[in-house]
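The values are calculated or read from the model by the stated rules, or taken from the named source; none is laboratory data. Model, not experiment: these values are computed from the prediction. Every residue, glycine among them, receives a Cβ derived from its backbone with ideal geometry; neighbour counts consider all protein chains shown.
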Amino acid sequence: MNKPLKEASKSYFDNQSISDAQFENIEELVRGLDVSEPKHESTPEEPSRRRLGMFSLSTAALVMLVALATLVFPPSEKELSYVIAKEVAKNHIKLKPLEISSSRFDVVSDYFTELDFSPVPSGHFNHFNVDMLGGRYCSIQSVTAAQLRYKGADGKPVTLYEVGYNKDIFGPLPNIEKEEGPAIYYVNGLEVQIWIEKGLLMASVRS
């Protein structure tokens, strides 16, 4: 059953939060605006100056409103990356049977003949302490992808998703080869990292 608009809106905003760094940025922005009342005796020009002061105050309020709206409602590109994070986390939880089982990356990579790319080892993912188990076909945003499955040092499954990167479909994402850190999300207790590497969108999911 859908909640009334007022109740749904209150519930949404109650769950929004602003980090200390973001709040400091807003304070810095507002401090740069002079919204103080002019301190002098009344003159014939006083009404105009008061109007100017009120205008400055309104401008400061508008700037704060825009800044807060930007924080509460992130740009659509960031929303898309979070949608991708939720999708790969959901696939990770399903843990469907492997279509190819091998501890060798080349053997697993050769299995994916229906892709328009070949899965490649990831320099970023190689820092994870994992052992390869195999792989299977899957999809990200309806685009056919490779799901490579590993076992972590704690025995829990770790998945790496690879798909040809298309900015029009997946939006802008951090590129590891440009020394940009991956986008990191936490979904249902899982850590999801998303990045671009070797022309591919890669996403890892682990506990």
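A few points about this structure:
- When restricted to residues that are closer than 23 Å to Ser207 by Cα and either touching a helix residue (DSSP H, G or I) at 6+ places or on another chain (Cβ under 7 Å) or not in a strand (DSSP E or B) (or both), region 121-156 contains 21.
- Tally, over region 88-116, of residues that are in contact with a Pro (Cβ under 8 Å, 6 or more places away or on another chain), of a type in the set (A, V, I, L, M) and assigned to a loop (DSSP other than H, G, I, E, B): 1
- Residue match in region 70-81 (condition: in the same structural domain as Asp154 (by TED's automatic domain parsing), at pLDDT below 95 and closer than 18 Å to Gly164 by Cβ): yes
- Among (1) over 16 Å from the mean Cα position of the chain (by Cα); (2) closer than 14 Å to Ile84 by Cα, the one test that Leu173 misses: (1)
- Residue within region 187-207 that is outside any helix (DSSP H, G or I), assigned by TED's automatic domain parsing to the domain that holds Ala85, more than 19 Å from the chain's Cα centre (by Cα) and within 18 Å of Leu80 (Cβ to Cβ) present: no
- Pairing residues of region 146-162 that are in the same structural domain as Leu200 (by TED's automatic domain parsing) with residues that are outside any strand (DSSP E or B) and loosely packed, with under 14 Cβ neighbours inside 10 Å, at Cβ distances under 6 Å and at least 6 apart in sequence or on separate chains, gives Ala153/Asn129; Lys156/Ser207.
- Members of region 101-120 that are of a type outside the set (S, T, N, Q) and exposed (fewer than 14 other Cβ atoms within 10 Å of the Cβ): Arg104, Asp106, Asp110, Glu114, Asp116
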